[in-house]
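The values are calculated or read from the model by the stated rules, or taken from the named source; none is laboratory data. Bear in mind that the values here come from a model prediction, so they are computed numbers and not experimental data. With ideal geometry, Cβ positions are generated from the backbone for all residues, glycine too; neighbour counts draw on all protein chains shown.
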Amino acid sequence: MKVVVCITGASGVCYAKRLLEVLREKGIKTSLIVSESGKKIIEHELDVDINHLIDLSHEYYENNDFFSPLASGSHIFHSVVVVPCSMKTLSAVANGYSNNLICRVCDVAIKEGRKLILMPREMPLSSIHLENMLKLSKLGVVIMPPIPAFYGRPKSVEDIVDFVVGRVLDNLGISNNLFKRWGDI
Ligand SMILES: Cc1cc2nc3c(=O)[nH]c(=O)nc-3n(C[C@H](O)[C@H](O)[C@H](O)COP(=O)(O)O)c2cc1C
């Protein structure tokens, strides 16, 4: 099983770091792509640099590398997670505008009927953002904004991050105990 993790230039790159950590702990292979804006936000929001995230992944591709295997539907991967997903990348994916490897691998996932999860982050959301999300949802794309629940009484930012990442793993079909589930509380 190979999961493609894409980091774009929205706030919340901590979710990608945690997702890469957990997938590595579980022995699940990951490919990592980071947009230019995503690289800058990693520097701003995390205590680690991009090399740390590259080390957590099994393979890394530059966002302009259309010769990457990920650019072709003939290359097998299980799923793509764009975490966090900027409104610009959301728009490009919704319109099939594959001008970088992240948008291309999302395009491939849609055309091949593979799992695609987007974690859009913006507030407030405009009608353009909402229409793009609705269009993608109707195509089978899973829209998972990082909206935490508070019934588990989170004690830290890490608890909140783990809730969001745990729900992404649930959606990928990967068992996890990252958060307190309703019914177990
Ligand atoms: C510090 C910072 C935070 C940003 N946060 C967001 C955000 O939360 N959501 C968003 O859609 N764009 C955000 N942006 C703007 C995007 O980075 C910008 O639209 C960029 O073109 C996205 O390109 P990409 O999708 O290729 O990474 C932010 C930019 C900066 C510098």
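Is at least one residue of region 100-117 in contact with an Asp or Glu (Cβ under 6 Å, 6 or more places away or on another chain) and either within 25 Å of TYR60 (Cα to Cα) or in contact (Cβ under 8 Å) with a residue 24 or more places away in the chain (or both)? Yes.
Taking region 89-185 as the region of interest, the helices (runs of 4 or more DSSP H) fully inside it that hold 2 or more residues being within 15 Å of VAL5 (Cα to Cα) are 101-112, 157-172. Condition (residue is of a type in the set (Val, Ile, Thr), more than 15 Å from LEU19 (Cβ to Cβ) and surrounded by fewer than 22 Cβ atoms within 10 Å (Cβ to Cβ)) applied to region 67-86: is it met by at least one residue? Scanning region 67-86 turns up at least one residue that is of a type in the set (Val, Ile, Thr), more than 15 Å from LEU19 (Cβ to Cβ) and surrounded by fewer than 22 Cβ atoms within 10 Å (Cβ to Cβ).
Considering region 92-102, and only residues there that are more than 9 Å from the ligand (Cβ to nearest atom) and small (Gly, Ala, Ser), the residue that is surrounded by the fewest Cβ atoms within 10 Å (Cβ to Cβ) turns out to be GLY96. Which of the following residues is small (Gly, Ala, Ser), within 15 Å of the ligand (Cβ to nearest atom), under 17 Å from CYS106 (Cα atoms) and at pLDDT 95 or above: GLY38, GLY12? So the residue among GLY38, GLY12 that is small (Gly, Ala, Ser), within 15 Å of the ligand (Cβ to nearest atom), under 17 Å from CYS106 (Cα atoms) and at pLDDT 95 or above is GLY38. Inside region 103-116, residues that are under 17 Å from SER35 (Cα atoms) and either away from the ligand (no atom under 12 Å from the Cβ) or touching a strand residue (DSSP E or B) at 6+ places or on another chain (Cβ under 8 Å) (or both) make up a count of 4. Filtered by the rule that a residue be among the hydroxyl-bearing types (Ser, Thr, Tyr) and within 16 Å of the ligand (Cβ to nearest atom), region 119-164 gives SER126, SER127. Pairing each residue of region 77-97 that is polar (S, T, N, Q) and at pLDDT 95 or above with any residue that is more than 13 Å from the ligand (Cβ to nearest atom) and part of a helix (DSSP H, G or I), provided the two are 6+ apart or on different chains, yields C-beta distances under 7 Å for SER79/LEU172.
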